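Undergrad: The structure's right below; bear with me while I get my questions together.
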Amino acid sequence: MSIMEYNGGSVIAMVGKDCVAIASDLRLGNQALGVSSNFQKIFPVTDRIYLGLPGLATDVTTLRELFRYRVNMYTVKEERDIEPETFAHLVSSTLYERRFGPFFIEPVIAGMSKTPAGGLKPFIAATDLIGCLNFAKDFVVAGTASSKLFGVAEGLWEPDLEPEDLFETISQTMLNAVDRDAYSGWGVMVHVITKDKVISRTLKGRMD
Amino acid sequence: METSFAITGKGYIIVAADTTAARSIVKMKTDEDKIKTLSPHLLMAYSGEPGDTIQFAEYIERNIRLYQIRNNYPLRPPAAASWIRRSLAESLRSRKPYAVNLLLGGYDTTTYTPHLYWVDYLGTMTEVPFGAHGYGSYFALSLLDRYHDPEASLEEGIVTLKRCIDEVAKRLVVTPGKYKVKVVDKDGIREIEL
């Protein structure tokens, strides 16, 4: 029995053409017993950054509250929104603070970051439970279905997908991966972040 | 074994907990009230490690009451649940964590909506249409998947609750016996006899 698999749950983020997508399942369990089919693991940080927190459910809530506090303090002090790269390092250092008694969470960050030219470019990152950052160009996965997500995403993802195609790709990846994982599933939440808007959709999944 | 259930319905929450206080294989008491009234519209069913349960429940009860005395208004159910969850989450990483599982049922008098929260000793919290703790949860949750109706009247809700209790009595090896049942709605809290 691993503490990382106690409640179950998975998150994935993908890069598209001038857009990013992040998706999670909605299950909360106590080992094999399902408790809730509406447990959100993805939270908005700013208008164009979303944070996924799969792992131990008590730490999902605790870290969500901690990051909300720290991002609010940053916004007040700097008088501007935090950038995704900066936020990724905030996540990393927050987790490393607890190096020898960690939060049991593997965060996934998806957002659009400002370029020097004034445009926006897609950004995704993930860390392990002690804050080791992984900046990926294609997709990042985390949670109990991570090995399955890697496999399906490797087969379905391609570069420069438009927002609607990226939505289809991430949705199919998520739905098919969690169906092979007993600890994830019970519905999926998908967010597609583009330059000017965020599209959020809830998907129905198998309830077994 | 200790068992507690809670179900939501149209404008109300029913919370039920068994009344046995057991130590090892011996029933020491059969009329223990394991549902605390935290504020005029908030109920908390608690179970877990004997000693921790009462100590923690009384700590929560007194602090929720203190908030109400200081501010003239009680905390609304979502706020109270968040604070209680945080108390458990902070306790989890302390020298001696409280091993207490909770079901929080409240009626929000500002939005006229019932809220039910499932909270475990780790500080895991989620809002649910129905919840259960203890060995009874393995029988009650699957039964409620089939029979729960969020739009049910109080009478229908009580019938569903009776189904849960009967199923646990039928299938669980160590049956809890008697239950205390409390309801919270717009009129406040009252105990009902099954």
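Undergrad: When you go through (1) in a helix (DSSP H, G or I); (2) buried (at least 24 other Cβ atoms within 10 Å of the Cβ); (3) away from chain A (no Cβ under 14 Å) one by one for B:GLN55, which number turns out not to apply?
TA: (2)
Undergrad: Then there is this: Just to be sure, is B:ASP33 open to solvent by 40 Å² or more (accessible area, probe 1.4 Å), of a type in the set (Asp, Glu) and away from chain A (no Cβ under 14 Å)? Don't jump to the end; show me each part of the working.
TA: On the way: open to solvent by 40 Å² or more (accessible area, probe 1.4 Å): yes; of a type in the set (Asp, Glu): yes; away from chain A (no Cβ under 14 Å): yes.
Yes.
Undergrad: Which numbered condition trips up B:SER91, out of (1) open to solvent by less than 10 Å² (accessible area, probe 1.4 Å); (2) over 22 Å from B:PHE5 (Cα atoms); (3) among the small types (Gly, Ala, Ser)?
TA: (1)
Undergrad: I want to confirm something. Restricting to region B:64-76 and keeping residues that are open to solvent by less than 50 Å² (accessible area, probe 1.4 Å) and in a helix (DSSP H, G or I), which single residue is nearest to B:TYR121 (Cα to Cα)?
TA: B:ILE64
Undergrad: Condition (residue is within 15 Å of A:ALA145 (Cβ to Cβ) and either surrounded by fewer than 24 Cβ atoms within 10 Å (Cβ to Cβ) or among the polar types (S, T, N, Q) (or both)) applied to region A:51-60: is it met by at least one residue?
TA: No, the conditions are met nowhere in region A:51-60.
Undergrad: Any idea how many residues of region B:7-39 are without any contact (Cβ under 8 Å) to a residue 40 or more places away in the chain, farther than 30 Å from A:SER36 by Cβ and part of a loop (DSSP other than H, G, I, E, B)?
TA: Here the count works out to 2.
Undergrad: Here's a follow-up. Taking A:GLU154 and the conditions (1) open to solvent by 50 Å² or more (accessible area, probe 1.4 Å); (2) under 23 Å from A:ASN38 (Cβ atoms), which numbered condition does it fall short on, given that it satisfies the others?
TA: Among (1) open to solvent by 50 Å² or more (accessible area, probe 1.4 Å); (2) under 23 Å from A:ASN38 (Cβ atoms), A:GLU154 violates only (2).
Undergrad: Looking at region B:106-154 only, could you name the residues that are among the β-branched types (Val, Ile, Thr) and surrounded by fewer than 16 Cβ atoms within 10 Å (Cβ to Cβ)? Give the derivation first.
TA: Quick first cut of region B:106-154, residues among the β-branched types (Val, Ile, Thr) only: B:109-111, B:113, B:119, B:124, B:126, B:128.
Listed by number, the residues that qualify are B:THR109, B:THR110, B:THR111, B:THR113.
Undergrad: Sticking with this one: For region A:191-208, name all the residues that are within 22 Å of A:ILE109 (Cβ to Cβ) and either surrounded by fewer than 21 Cβ atoms within 10 Å (Cβ to Cβ) or free of Cβ contacts under 8 Å to residues at least 40 places away in the same chain (or both).
TA: To start, the set of residues in region A:191-208 that are within 22 Å of A:ILE109 (Cβ to Cβ) comprises A:191-203.
Hits for region A:191-208 are A:THR194, A:LYS195, A:ASP196, A:LYS197, A:VAL198, A:ILE199, A:SER200, A:ARG201, A:THR202, A:LEU203.
Undergrad: Looking at (1) open to solvent by 10 Å² or more (accessible area, probe 1.4 Å); (2) touching a residue at least 24 places away in the same chain (Cβ under 8 Å); (3) over 23 Å from B:ASP52 (Cβ atoms), which is the one condition that is false for B:ASN101?
TA: (3)
Undergrad: Report the residue count in region A:7-39 for those that are within 11 Å of chain B (Cβ to nearest Cβ) and either closer than 15 Å to A:GLY205 by Cα or among the basic types (Lys, Arg) (or both). Give the steps one after another, and end with the answer.
TA: In the first step, residues of region A:7-39 are kept if they are within 11 Å of chain B (Cβ to nearest Cβ); the result is A:7, A:26-30, A:32-39.
Checking which are either closer than 15 Å to A:GLY205 by Cα or among the basic types (Lys, Arg) (or both) leaves us with A:26-28, A:34, A:36-39.
The number of residues fulfilling the criteria is 8.
Undergrad: For region B:85-117, how many residues are more than 20 Å from A:MET4 (Cα to Cα), touching a Ser or Thr at 6+ places or on another chain (Cβ under 9 Å) and hydrophobic (A, V, I, L, M, F, W, C)?
TA: Of the residues in that region, 4 qualify.
Undergrad: Got at least one residue in region A:63-84 being in contact (Cβ under 8 Å) with a residue 12 or more places away in the chain, open to solvent by less than 10 Å² (accessible area, probe 1.4 Å), within 12 Å of the chain's Cα centre (by Cα) and within 14 Å of chain B (Cβ to nearest Cβ)?
TA: no
Undergrad: Checking the conditions here, which among B:ALA17, B:ALA22 is out of contact with any strand residue (DSSP E or B) (no Cβ under 6 Å at 6 or more places or on another chain) and either of a type in the set (A, V, I, L, M, F, W, C) or open to solvent by 30 Å² or more (accessible area, probe 1.4 Å) (or both)? Lay out the reasoning, then the answer.
TA: Details: B:ALA17 fails: out of contact with any strand residue (DSSP E or B) (no Cβ under 6 Å at 6 or more places or on another chain).
Testing whether each residue is out of contact with any strand residue (DSSP E or B) (no Cβ under 6 Å at 6 or more places or on another chain) and either of a type in the set (A, V, I, L, M, F, W, C) or open to solvent by 30 Å² or more (accessible area, probe 1.4 Å) (or both) leaves just B:ALA22.
Undergrad: Here are some conditions: (1) closer than 18 Å to A:VAL15 by Cα; (2) surrounded by 16 or more Cβ atoms within 10 Å (Cβ to Cβ); (3) not hydrophobic (A, V, I, L, M, F, W, C). A:LYS114 meets all but one. Which one does it not meet?
TA: (2)
Undergrad: Further question: Here is a check on your reading of the model: is A:GLU97 within 14 Å of chain B (Cβ to nearest Cβ) and among the acidic types (Asp, Glu)?
TA: On the way: within 14 Å of chain B (Cβ to nearest Cβ): yes; among the acidic types (Asp, Glu): yes.
Yes.
Undergrad: Follow-up question, since we're still on this one. Just checking, does region B:134-149 include any residue being of a type in the set (A, V, I, L, M) and within 26 Å of B:LEU66 (Cβ to Cβ)? First the steps, then the outcome.
TA: Going through region B:134-149, the residues of a type in the set (A, V, I, L, M) turn out to be B:140-141, B:143-144.
Next cut, within 26 Å of B:LEU66 (Cβ to Cβ) only: none.
No, every residue in region B:134-149 fails to be of a type in the set (A, V, I, L, M) and within 26 Å of B:LEU66 (Cβ to Cβ).
The values are calculated or read from the model by the stated rules, or taken from the named source; none is laboratory data. Source: prediction; values computed, not measured. Note: ideal-geometry Cβ built from the backbone for every residue, glycine included; neighbour counts use all protein chains shown. Calculation scope for accessible area: heavy atoms of the full protein, side chains included, ligands and nucleic acids excluded. Shrake-Rupley method; radii C 1.70, N 1.55, O 1.52, S 1.80 Å.
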